[in-house]
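Starting off with a structure, shown below.
The values are calculated or read from the model by the stated rules, or taken from the named source; none is laboratory data. Owing to the predicted nature of the structure, the values given are computational and were not obtained by experimental measurement. So basically every Cβ, Gly included, is an ideal-geometry build from the backbone, and we count neighbours across all protein chains shown. Heads up: the accessible areas ignore ligands, DNA and RNA and are worked out on the full protein's heavy atoms, side chains in. Shrake-Rupley method; radii C 1.70, N 1.55, O 1.52, S 1.80 Å.
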Amino acid sequence: MRLHILGAGTPYADAGRFGSSYILEVGGERIMFDCGPGTTYKMARMGLRTTDVDHLLFTHHHFDHDVDYPCFLLARWNESIGDENPLQVIGPNLTELISHRLMDEHEGAFAHDWIARINHPLSLHWYVGRGGKLPRPPLSVNARDVVPGPVHSGNGWEITAAPAEHVEPWLDSLAYRLDSEEGSVVVTGDTRPCDSVEQLARGADVMVCMCVYVQEDVDGTPDAEYMSGSLAAARMAEAAGVRKLVLVHQSHTLDAPGQTERALADISSAYSGQVVWGRELVTIDL
Ligand SMILES: [Zn+2]
């Protein structure tokens, strides 16, 4: 398995970190978790094609996790010539509604784009030039709202969701666990340490977990109450017994001199497995 880190940041637009997105390669397939700011462009920078991703799972619908969704949908559809697998989109409540509001023929905010492209000779010329056959199919989105439990499967892998705890009741959040013959990976999404995510991650090979701040800098604040800082991530990984902890969703302030070292010192004090400090545009062999 390999993990491509496209977004390892927060809602703050920093040059080195902005939003969340990861692509996991398993069973010869590519599965995207979240589609935060700039994801499609960052894929291109990493040599990844949109049409190679057939599965997209959202952890929740804060913009740092989903705002590049229309761009990804349009780019993937525009680069398709009709013989690709349909994209499967899965997420908590709002996933179907957002998909509808973006691309529905009558009500979609971006439907004007694909409607023009399936009709105008300029777009059809380029479509046929790429190998597409007319008539050009419309953009349709296969999106599903899911609840905790088994939610998806593919070539030798299956994914289970569990509730995460972040900003309920305004937004529901899910953590995901993928199990396969190649190993098991948990993507926590944004969450404070909680029993449901710890249970989901029990004995997993890898946990991709948010580490937004150095713990002592935020203890006693809402930052510590509704998210996971350095010690919180480490303790949850240790309690779950995961083999490798990949830290993501870091504040850009953690890139300041000495801050990454403080976070890593926290983590190694509370977690005995392997630690990977996630950075954008980096691929990790799991
Ligand atoms: Zn977030």
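Within the stretch 26-64, track down each residue that is part of a strand (DSSP E or B) and within 13 Å of the ligand (Cβ to nearest atom).
F33
Another one. Among the residues of the stretch 163-172, write down those that are under 15 Å from the mean Cα position of the chain (by Cα) and assigned to a strand (DSSP E or B).
Within the stretch 163-172, no residue meets the criteria.
Rundown of residues vs (1) under 21 Å from Y41 (Cα atoms); (2) in a loop (DSSP other than H, G, I, E, B); (3) out of contact with any Gly (no Cβ under 7 Å at 6 or more places or on another chain), yes/no style:
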| site | (1), (2), (3) |
| --- | --- |
| E84 | yes, yes, yes |
| S99 | yes, no, yes |
| H106 | no, yes, yes |
| L124 | no, no, yes |
| G131 | no, yes, yes |
| P138 | no, yes, yes |
| V147 | no, yes, yes |
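Turning to a different aspect of this structure: Would you please list the contacts, defined by Cβ atoms under 7 Å and residues six or more apart or on different chains, that run from a residue in the stretch 66-85 that is over 24 Å from G7 (Cβ atoms) to a residue that is open to solvent by less than 50 Å² (accessible area, probe 1.4 Å) and of a type in the set (A, V, I, L, M)?
Close Cβ pairs (under 7 Å, with a partner that is open to solvent by less than 50 Å² (accessible area, probe 1.4 Å) and of a type in the set (A, V, I, L, M)) do not exist here.
Looking only at the stretch 9-20, count how many residues are within 11 Å of the ligand (Cβ to nearest atom) and either over 24 Å from T253 (Cβ atoms) or open to solvent by less than 20 Å² (accessible area, probe 1.4 Å) (or both).
Looking only at that region, the number is 4.
Take the residues in the stretch 65-82 that are part of a helix (DSSP H, G or I) and open to solvent by 50 Å² or more (accessible area, probe 1.4 Å); name whichever of them is nearest to R130 (Cα to Cα).
Top of the filtered list is E79.
Also, quick follow-up: Considering only the stretch 86-97, how many residues are assigned to a helix (DSSP H, G or I) and either in contact with a Pro (Cβ under 8 Å, 6 or more places away or on another chain) or under 16 Å from P138 (Cα atoms) (or both)?
So the answer is 0.
Residue by residue, here is whether (1) polar (S, T, N, Q); (2) within 15 Å of T283 (Cα to Cα); (3) modelled with pLDDT under 95 holds:
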residue	(1), (2), (3)
M1	no, yes, no
H4	no, yes, no
S20	yes, yes, no
E29	no, no, no
A44	no, yes, no
T50	yes, no, no
L74	no, no, no
L87	no, no, no
I90	no, no, no
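Can you tell me how many residues in the stretch 29-47 are aliphatic (A, V, I, L, M) and surrounded by fewer than 20 Cβ atoms within 10 Å (Cβ to Cβ)?
2
Please note which strands (runs of 3 or more DSSP E) are completely contained in the stretch 173-286 and include at least 1 residues that are open to solvent by less than 40 Å² (accessible area, probe 1.4 Å), farther than 26 Å from N155 by Cα and touching a His at 6+ places or on another chain (Cβ under 7 Å).
206-210
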